[in-house]
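So the structure is just underneath, and the comments pick up after that.
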Amino acid sequence: MLILGIESSCDETAAAVVRDGTEVLSNVINSQIEIHKEYGGVVPEIASRNHIKNISAVIDKALSDSGKAISEIDAVAVTYGPGLVGALLVGVSAAKGLAFAAKKPLVPVNHIKGHICANYIENPDFKPPFICLVASGGHSHIVLVKSYSEYAPLARTFDDAAGEAFDKVARVMGLGYPGGPKIQKCAEGGNPEAIRFPRVKMGERGFDFSFSGLKTAVINYLHTAEQKGEKVNISDVAASFQEAVVDTLSSHLIDCAKLYGVERISLAGGVAANAPLRERVWRLARENGMEFNCPKMALCTDNAAMIACCGYYEFKAGSVADLTLNAVPSLPI
């Protein structure tokens, strides 16, 4: 079965063709990072306009790279939420038009579920049930994956997502955008124990996240030092902030897996590309006798291969939309 996936939830315009859920025949991504660097973050209106400009060419290239014509595609899968509403509408509109013209089924895909499904592309033998930490610029979730089409959220963020905290802290530190890679690079020469920034446990069982306080603590530290005329070791600040995020994300994931008695865990989302986080979770999984899987870096950030993969399993489960499908920016998992 061939699925054409389309992704436009934020600032990447992407399309991919995937066979049987895991074999990637093409995966085209047009990134807007260079455009949004000037503003220190994603500007929704600019993102939407560039999606409109690029979407047709990206889809054409995905089909061309795969060596498949639209007539050979079995279904068109598209991200319809969560994400930036204007950006989502571009992908949804393109998918609806293509599905209608080509007389193909239209499969709606939840962006968070798409991130989780990237694990199947990386390792087809990694199967449900497992618990996945999804951490990105807009999301921080811990999800119990019961089957290929059944998901149960166990934890979420009460405010800022992990990736959002990386971006905001990097901006205050003058490191630029995107914040995750910038902070990781800066932290390489720093001491992660130099400053004890807060770790927060939220919710009834303490598995939920809150990164707003951590972000504020870093900003206050920098402002206080500036007001006192004290010299700040930026590498130490970056390393200590990163350690707080990694410690929080990894400990919540492991504790959650222990409570629910699940011995398979995974990472997904843009923050999963953070090397210290990957290494920490891998070490903790080994220490606790758990199987660990994580997609390669290119599949952690937004891409359409993960949407096509998820679309394959959603289509098999009978999930098909009609032409009334709309963008849902706050779509829950």
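Observations
- Along the axis of the charge dipole computed for the chain (Cβ charges of +1 for Lys and Arg, -1 for Asp and Glu, origin at the Cα centre), the listed residues A102, V90, V134 are led at the positive end by V134.
- Using a Förster distance of 30 Å, the FRET efficiency for A275-I219 (Cβ separation, nearest 0.05): 0.75
- MRE, 222 nm, helices only [DSSP H, n ≥ 4, -39500 (n - 2.57), over the chain, to nearest 500]: -14500 deg cm²/dmol
- Cβ crowding within 10 Å, taken as a proxy for footprinting-reagent exposure, orders C117, C10, C186 from fewest neighbours to most as C186, C10, C117.
- The value of relative contact order for region 112-206, using C-alpha pairs under 8 Å at least six residues apart, is 16 percent.
- Relative to the dominant Cα principal axis of the chain, helix 44-66 is inclined by about 50°.
- Separation of the V232 and K37 label points, Cα + 7 Å toward Cβ, nm: 2.3
- For region 240-252, putting each phi into the Karplus relation 6.51 cos²θ - 1.76 cosθ + 1.60 with θ = phi - 60° gives couplings of 6, 5, 4, 4, 5, 5, 4, 4, 5, 4, 5, 5, 5 Hz, in residue order, rounded to whole numbers and with x for Gly and Pro.
- Computed from label points 7 Å out along Cα-Cβ, the spacing between K61 and V172 is 3.7 nm.
- Segment M1..A317, full-extension length gain: 112.4 nm, with 0.36 nm per residue of separation and the alpha-carbon distance subtracted.
- DSSP beta bridge pairing in region 128-297, given as percent antiparallel to the nearest 5: 60
- Length released on extending from R205 to E45, taking residue separation times 0.36 nm less the Cα-Cα span: 53.7 nm
- Coupling constants for region 96-105 follow from the phi torsions by the Karplus curve (6.51 cos²θ - 1.76 cosθ + 1.60, θ = phi - 60°), and in residue order they are 5, x, 5, 4, 5, 5, 8, 6, 10, x Hz; glycine and proline get x.
- Only lysine pairs 8 or more places apart, or on different chains, with alpha-carbon atoms under 21 angstrom apart are counted in region 128-297, and they number 15.
- Using a simple spin-label model with pseudo-atoms 7 Å out from Cα toward Cβ, D247 and N191 lie 1.5 nm apart.
- Taking the fewest neighbouring Cβ atoms within 10 Å as the starting point, the ordered list for T13, T248, T22 is T22, T248, T13.
- Restricting the calculation to Cα atoms, region 128-297 shows an Rg/Rh of 0.99 when the hydrodynamic-style radius is the Kirkwood one.
- Partners for K61 among aspartates and glutamates (Cα-Cα distance below 19 Å; same-chain residues under 8 apart left out): E7, D11, E12, E23, E72, D74, D302
- Length released on extending from D74 to K258, taking residue separation times 0.36 nm less the Cα-Cα span: 62.2 nm
- Of T79, T224, T324, the sequence from fewest to most neighbouring Cβ atoms within 10 angstrom is T324, T224, T79.
- By the Cβ distance rule of under 4.7 Å, the chain has these cysteines without a partner: C10, C132, C186, C256, C294, C300.
- Mean Cβ neighbour count within 10 Å, used as a protection proxy, ranking 250-256, 110-116, 95-101, 61-67 highest first: 110-116, 250-256, 95-101, 61-67
- Among beta bridges that DSSP assigns inside the chain, antiparallel share in %, nearest 5: 60
Throughout, read-outs are computed from the coordinates displayed, never taken from laboratory work. Since the model is a prediction, treat every value here as computed from it, not as a measurement. With ideal geometry, Cβ positions are generated from the backbone for all residues, glycine too; neighbour counts draw on all protein chains shown.
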